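Novice: Dropping a structure here in structure tokens format, bear with me for questions.
Any read-out appearing in this document is the output of simple, stated calculations on the displayed coordinates, not a laboratory observation. Computed from a predicted model, the values in this text were never measured in an experiment. A quick note on method: Cβ atoms are made from the backbone with ideal geometry, for glycine too, and the neighbour counts reach across all protein chains shown.
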Amino acid sequence: MAKRDAPEVNAGSMADIAFLLLIFFLVTTTIETDSGISRKLPPKLDDNQPPPPVIKERNLFVVSVNANDDLLVEDETMDLKDLRAAAVKFLDNGAGTGDEACNYCQGSKDESSSVNPTKAIISLVNNRGTSYKRYISVQNELVAAYNELRDRESMKVYNMAFTEMESIYNDPGTSEKDKDNLRPRLERIREMYPEKLSEAEPKSSN
Amino acid sequence: MAKFAKKKSGDLPAVNTASLPDIVFMLLFFFMVATTMRETTLKIQNNLPTANQIEKLDKKDLIMYVYAGKPSPRYQSTYGTEAKIQLNDKLADVNDIPGFIYEERATKREELLPLLTTALKVDGDTNMGLVSDIKQELRDVDALKINYVTKNGNAVEANN
């Protein structure tokens, strides 16, 4: 009996089907992962809370933004590009003596500026008319100032940038052992330059 | 001389396309693995601002998204041109945020609640008034972990 060949299946339309699926997935999916500036909001105010401690004027760095997106830093107008350097200068001033002395600060020890990074507070006041992108860039510059100082100290002590350690710590792929290793390091650097960024409720008028 | 008979000229052989499906399937699998499904359809303009001091948002299931911005051109006749908030698939009011947060919390396991983050995807041209109203509502329901979602880039140059 003659051996009969099985007829070949026509696979020509397979490509069409695959293309159809491919285009469907291209249209319905996005490739991006989200990233952004993480913040923590202050908890709701309690009525019978003790009044906040008095903060010395010299330890306060006031940044205000008006409805025209202009910057006013410590009562002087400033360009956004100079904000980071000004914030670094303020935080790293370290003019304190005795208990308030800062032995790792490299600032100019100006008498009228902050005594210690742990005491220095940056206050951000914005207007209801301020645009969101200006607000984000001001936030970004202030966070950058903290990160710059933290990186510097971290490089000195652990020979590794703070931001790098933080991203390794936050990576879900990092093992628990490495995280336990990193945690005290991160905390130590955070203690040296605590992020004290206070936001006032926006003013409604100019 | 039959062995050297010339082939018929002018008849091009068909290109073999048998491996084409394989190539396309490979592309398909790449896109299926590398991308995520789009979950909400935006009814507002959402041109995010730029920043470079950013952290990645992992664990997608622990994130609640709050969108804000001007309605897209085709919705402007219905909703006007004032900046609006979008929660899931519909435009909402600031007062709807607490309800939305409670709804989201109800779907999550209890031990994960402290890890919940609210991601704010706000258009760059929105006024801070709306954003601080949102933040006030979030404070009221104790959703304190927030993230301003941004694009990656130089903030000083891009936002001027």
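Novice: Which whole number gives the average count of other chain Cβ atoms within 10 Å of the Cβ atoms across peptide B:53-65? Walk me through the numbers on the way to the answer.
Specialist: On the way: counts 14, 7, 8, 9, 6, 7, 1, 2, 0, 0, 1, 0, 1.
Across the residues of B:53-65, the mean count of other-chain Cβ atoms within 10 Å is 4.
Novice: A further question on this structure: Test of understanding: what is the full-extension gain from A:Ile17 to A:Asn68, defined as 0.36 nm times their sequence separation minus their Cα-Cα distance?
Specialist: Full extension from A:Ile17 to A:Asn68 adds 12.9 nm.
Novice: Moving on to the next point. Report the residue, chosen from B:Asp11, B:Asp96, B:Asp22, that carries the largest GNM mean-square fluctuation when chain B is represented by alpha-carbon nodes joined by springs under 10 Å.
Specialist: B:Asp11
Novice: Under the definition of partner shielding as Cβ atoms of other protein chains within 10 Å of a residue Cβ, what is the mean value for peptide A:7-18? Intermediate results must be reported in sequence, preceding the final value.
Specialist: On the way: counts 0, 0, 0, 0, 4, 4, 1, 7, 9, 3, 3, 9.
Partner Cβ neighbours, averaged per residue: 3.
Novice: Moving to a separate point now. Of the residues A:Val54, A:Val88, A:Val138, which exhibits the maximal mean-square fluctuation in a Gaussian network model of chain A defined by a 10 Å Cα contact cut-off?
Specialist: A:Val54
Novice: Further question on the same structure: If Rh is defined by the Kirkwood formula over all Cα pairs and Rg also comes from Cα, what ratio Rg/Rh do you get for segment A:81-157? Can you show the working numbers first?
Specialist: Working: Rg = 13.9 Å, Rh = 13.5 Å.
Rg/Rh for segment A:81-157 comes to 1.04.
Novice: Would you look at the GNM of chain A, springs on alpha carbons closer than 10 Å, and say which of A:Ile136, A:Ile23, A:Ile189 moves the most?
Specialist: A:Ile23
Novice: Please express the shape of segment A:79-124 as an equivalent ellipsoid: the semi-axes are the square roots of 5 times the eigenvalues of the C-alpha gyration tensor, given largest first in whole angstrom. Walk me through the intermediate numbers first.
Specialist: Numbers: eigenvalues 80, 22, 13 Å².
For segment A:79-124, the ellipsoid semi-axes come out as 20, 10, 8 Å.
Novice: Which ordering of A:Phe25, A:Phe61 is given by a fewest-first count of other beta-carbon atoms within 10 Å?
Specialist: On the way: A:Phe25 17, A:Phe61 24.
Fewest to most other Cβ atoms nearby, the residues stand as A:Phe25, A:Phe61.
Novice: Calculated from DSSP H runs of 4 or more alone, at -39500 (n - 2.57) each and per residue, what is the 222 nm mean residue ellipticity of chain A, nearest 500? If you can, show how the numbers build up before the last one.
Specialist: Values: 5 runs with 80 residues, N = 206.
Using -39500 (n - 2.57) per qualifying helix, the result is -13000 deg cm²/dmol.
Novice: Expressed in nm to one decimal, what extension gain is obtained for the pair B:Ser77 and B:Thr107 from 0.36 nm per residue of sequence separation less their Cα-Cα distance? Could the numbers behind the result be given before it?
Specialist: Numbers: separation 30, 0.36 × 30 = 10.80 nm, distance 3.46 nm.
Value of the extension gain: 7.3 nm.
Novice: Please state the shape class of segment B:50-158: rounded when a/c is under 1.5, otherwise prolate if a/b exceeds b/c and oblate if not, all from the C-alpha gyration tensor.
Specialist: Oblate, because a/c is 1.5 or more while a/b does not exceed b/c.
Novice: Going by how many other Cβ atoms sit within 10 Å of their own, how do B:Ser132, A:Ser137 line up, fewest first? Each step should come with its number before you reach the end.
Specialist: Values: B:Ser132 18, A:Ser137 30.
The fewest-first ordering by Cβ neighbours comes to B:Ser132, A:Ser137.
Novice: Apply the a/c threshold of 1.5 to the C-alpha gyration tensor of segment B:33-74 and tell me whether it is rounded, prolate or oblate. Don't jump to the answer; show the numbers that get you there.
Specialist: On the way: a/c = 2.01, a/b = 1.31, b/c = 1.53.
It is oblate, given that a/c is not under 1.5 and a/b is not larger than b/c.
Novice: Let me ask something else about it. Among the aspartates and glutamates, which fall within straight-line cross-link reach of A:Lys109, defined as a Cα-Cα distance under 14 Å, with same-chain neighbours fewer than 8 residues apart omitted?
Specialist: A:Asp92, A:Glu100
Novice: Remind me, what semi-axes does segment A:57-199 give for its equivalent ellipsoid, largest first in whole Å, using sqrt of 5 times each Cα gyration tensor eigenvalue?
Specialist: Values: eigenvalues 159, 89, 24 Å².
So the three semi-axes of segment A:57-199 are 28, 21, 11 Å.
Novice: If you don't mind, there's one more thing I want to ask. Ignore the peptide's own chain and count Cβ atoms of other chains within 10 Å of each Cβ in A:169-182; give me the average, rounded.
Specialist: Numbers: counts 0, 4, 2, 3, 1, 0, 0, 0, 0, 0, 0, 0, 0, 0.
Mean partner-chain Cβ count within 10 Å for A:169-182: 1.
Novice: Taking K and R as +1 and D and E as -1, what net charge do the other residues with C-beta under 9 Å from the C-beta of A:Val115 add up to?
Specialist: Numbers: positive: A:Lys56, A:Arg58, A:Lys119; negative: A:Glu100.
Summing Lys and Arg as +1 and Asp and Glu as -1 gives +2.
Novice: Still on this structure, please answer the following. Within 10 Å, count the other beta carbons around each residue, average over each peptide in B:44-51, B:110-117, A:117-124, A:178-185, and list them highest first. Could you put the intermediate results ahead of the total?
Specialist: Values: B:44-51: 20.6, B:110-117: 11.8, A:117-124: 19.1, A:178-185: 13.2.
The most tightly packed comes first, giving B:44-51, A:117-124, A:178-185, B:110-117.
Novice: Given 20 Å bins starting at zero, what is the percent of C-alpha pairs of the protein assembly as shown in each, up to the one with the largest pair distance?
Specialist: 22, 47, 18, 8, 4, 0
Novice: Report for segment A:57-199 the percent antiparallel among DSSP-assigned beta bridges with both residues inside it, nearest 5. Don't skip to the answer; put the middle values down first.
Specialist: Numbers: 6 of 15 bridges.
Rounded to the nearest five, the antiparallel share is 40 percent.
Novice: Could you give me the ³J(HN,Hα) list for segment A:108-113, computed from phi with Karplus coefficients 6.51, -1.76, 1.60 and θ = phi - 60°, whole Hz, x at Gly and Pro?
Specialist: For segment A:108-113, the Karplus curve yields 8, 6, 6, 5, 8, 10 Hz.
Novice: Starting at the first residue of segment A:192-203, write each ³J(HN,Hα) from the Karplus equation 6.51 cos²θ - 1.76 cosθ + 1.60 with θ = phi - 60°, in whole Hz, x for Gly and Pro.
Specialist: 5, 10, x, 7, 9, 10, 9, 10, 7, 5, x, 7
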